[in-house]
Structures are given as structure tokens and as C-alpha cells.
1. How much solvent-accessible surface does VAL137 expose, in Å² to the nearest 10, with a 1.4 Å probe and all protein chains in place?
2. List every residue whose amide H lies under 5 Å from the amide H of GLY87, counting only residues 5 or more places away in sequence or on a different chain, with H placed 1.01 Å from N in the peptide plane.
3. How would LEU114, LEU131 rank on accessible area, largest to smallest, probe 1.4 Å?
4. Using a 1.4 Å probe and ignoring any ligands, DNA or RNA, find the accessible area of HIS31 and quote it in Å² to the nearest 10.
Amino acid sequence: QHQQPTTTTATMMMTTEEKNGPTVYVLERSHESFPEEIEQGSVSAVVYNLGFLPGSCEEEKKAFRTQERTTVLSLTAASTLVKSGGGLIVVSCYVGHEGGEQEMRSVKRWAAELEPGEFNVAQIEWGNRKLAPVVVVVQRK
């Protein structure tokens, strides 16, 4: 399991600058599962930045990147954690690396199969940028 301490530290610094802002937890672990302590329906947002760590060398890009199977498992778990009445799952799918296109298709398929009475789904794609990330937004009703 690859840890990303510099990214985690930078994210924590950005999210703690505002003292009265929302509570943010950054977990330094695989996205495959969530801690058992998180109650279902208690999370405002889960954000995914799929692919590999920006700035990684080519060797790290191949060795440490998100995987289609674990991403879908994680999304399924996240869908039970987000709050009713507007909880969000936001997924940035990068397609320019090995496996990225397939992972994006799996994310889109997963989102398309969500119950329309329980979730809204939107997809953002840049029509003039071939390798731009595709963003999938899921809102729990």
C-alpha cells in the first residue's frame, strides 16, 4: 500500500487554515475501504482524485495508481456514507494513463446504475481536451 504523506500534509494545511470551517478528515490509506467508525449517512462529501500522484516518476505512476476494482468498491461504500438531502461524491477520472480509460468507464457505469429516486448523477467532460479529466458528481437526494 502506497502512502502519500506529502499530499496528505498539504491537504491538511489547506483545510485547517479556516478555524471555523467544516470538519475535514484526510485519511492516509487506500480508498478501498472506510473506517468502521464512520456512520452511514453522516458524511457531507467524499472526493476522489483517481489516477496517480501528480509529479510521480514514470515508475511510480505504473506501480501506484488507483485500480478499477477497488475504486468501484470504494464508491459503493461511499454511497452509503453520504448524507441524504445533498451529500456529494465527486470523482475526477484521469484517462491519460494506463487503465485510466477503463477506470473512468467503470465509474460512469457505477453511477448510471444508481437508483434515480435516491441519487442525482452529473458528468462533466471537456469536449475540446482529449485527455482532460472527466468529473462525475453524485448527489444523494
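1. Number for this one is 40 Å².
2. Counting only residues 5 or more places away or on other chains, the set is ARG140.
3. Most to least solvent-accessible, the answer reads LEU131, LEU114.
4. 50
The values are calculated or read from the model by the stated rules, or taken from the named source; none is laboratory data. The structure presented is a predicted model; accordingly, all values stated were derived computationally and were not measured. Calculation scope for accessible area: heavy atoms of the full protein, side chains included, ligands and nucleic acids excluded. Shrake-Rupley method; radii C 1.70, N 1.55, O 1.52, S 1.80 Å.
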